[in-house]
Amino acid sequence: MSRTPPARPPEARIPRAGLTADRLVAAAADLADEAGYENVTLSALARRFDVKDASLYTHVRGLRDLRTRMALLAGGEMIDRIAAAVEGRTGKEALAAFAGAYRGYALAHPGRYAATQIPLDEATVTDSPVLRRTAEVTYGLLRAYGLEEPDLTDAVRLLRSSFHGYCALESAGAFGAPRDLEASWDRMIDALHLTLRNWPRRAAG
């Protein structure tokens, strides 16, 4: 005798009424945090809304478009936190606040954070208010150390690789030494602050 497959739990489905691109992107970001960025697919998202895959193409052009929108959503959330943290602070205090907000977001929202690391096409980078604000806040922090190009770009790459590397290793449980993680993080901020204050400047061009 055939058996009817059990229905999915109600909490696994989202009402389809009023489906919009913004709702899809927000749901995709939540799914990324819950199941991992690589598990965000159009099929998985369609199941979440209890619709057919084809229904999503009314709102997004495809998986690449969806992931680009996720990157901008997450990037906006992240820079909002960072900007609020550094407001009214300068020097090492601003650097520590920036770094702390970055790390807090990366660890609390691993799927969203992963979305912020994908490469974006040149037109998106040029036109995005989120990315412009991210550049303004980051470069503002570094200009307070007296840096100008090309040192600004080099310093941005140093901070990004330091913060990203630490967060990636921490989230993977890859730090095996008994040394307290917060103590090591604080020492890294100390070291970065000293590096920025004593940056070996190079002439532009």
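Shown for the chain is the translational diffusion coefficient from the Stokes-Einstein equation, using the Kirkwood radius over Cα pairs, a temperature of 37 °C and a viscosity of 0.692 mPa s: 171 µm²/s.
Sorting Phe98, Phe49 from the fewest to the most surrounding beta carbons within 10 angstrom yields Phe49, Phe98.
Note on Asp186 and Asp80: with the Förster distance fixed at 25 Å, the Cβ-Cβ geometry gives a FRET efficiency of about 0.55.
Overall, the ratio between the Cα radius of gyration of the range 101-155 and 2.2 N^0.38 Å, rounded to two decimals, is 1.31. Only helices enter this figure: runs of n ≥ 4 DSSP H residues, each worth -39500 (n - 2.57), summed and divided by the residues of the chain, yield -20500 deg cm²/dmol at 222 nm to the nearest 500. Per-residue extension of 0.36 nm, minus the Cα-Cα distance of Ala21 and Glu34, leaves a gain of 2.7 nm for this segment.
Using Cβ contacts closer than 10 Å as the measure, can you line up Ile118, Ile189 from fewest to most?
Details: Ile118 12, Ile189 18.
Arranged by neighbour count, lowest to highest, Ile118, Ile189 become Ile118, Ile189.
Taken one residue at a time, the phi angles of the range 61-69 give Karplus couplings (6.51, -1.76, 1.60, θ = phi - 60°) of 7, x, 4, 4, 4, 4, 5, 5, 5 Hz. Gly and Pro are set to x.
One chain, two ends: Val156 and Arg89. Fully extended at 0.36 nm per residue, the span grows by 22.3 nm beyond their Cα-Cα distance. Across the chain, the mean sequence separation of Cα contacts (distance under 8 Å, 6 or more residues apart), normalised by length, yields a relative contact order of 21 percent. When each of Leu66, Leu73, Leu107, Leu158 is scored by the number of other beta-carbon atoms lying within 10 Å, the sequence from fewest to most is Leu107, Leu158, Leu73, Leu66.
Rule-based calculations on the coordinates, nothing more; no lab input. The shown structure was predicted, so the numbers you read here are calculated from the model rather than taken from an experiment. Every residue, glycine as well, gets a Cβ built from its backbone with ideal geometry; the counts of neighbours run over all protein chains shown.
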